[in-house]
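Right, one structure below, let's go through it.
The values are calculated or read from the model by the stated rules, or taken from the named source; none is laboratory data. Everything numeric here is computed off the predicted structure, so don't read it as measured data. Accessible surface is based on the protein model in full, side chains and every heavy atom, while ligands, DNA and RNA are left aside. Shrake-Rupley method; radii C 1.70, N 1.55, O 1.52, S 1.80 Å.
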Amino acid sequence: MRRTPNCRGRMLATLAMSAALTAFAAFSSAVPATAQDPAGTVMSACTKCHNTQRICANLGAKDKAAWNTTVTRMMGKGAQVSEAEKPAVVDWLATQQPGAKPVCQ
């Protein structure tokens, strides 16, 4: 069976698209969660149940271990923070000082 030039072109285009999608998938899974915006995650996940004053009051008062415990507990209660995002969120919360933006605005 002989392929026509048009069929061959479509096949090459399909292979090229498959390669591009595979490369994109590999790249996106290789990007660590820390590349995301932990402040944005805090603002979107935490403020669904808490006002920002409550979060702001704990900035600088809790260390990394305490924030880890808090974030783990909140995830158990439904906070939309993935396991991959958790380390960046905990680090961000632990390094913020009272009055930090955007939480304490």
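The table for this structure:
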read-out: Hull-based mean projected area of region 32-81, where the convex hull spans the alpha carbons, in square nanometres; value: 3.6
read-out: Percent carbon-and-sulfur accessible area, region 62-101, ignoring ligands, DNA and RNA, probe 1.4 Å; value: 55
read-out: Separation of alpha-carbon centers, region 75-105 and region 49-65, rounded to whole Å; value: 9
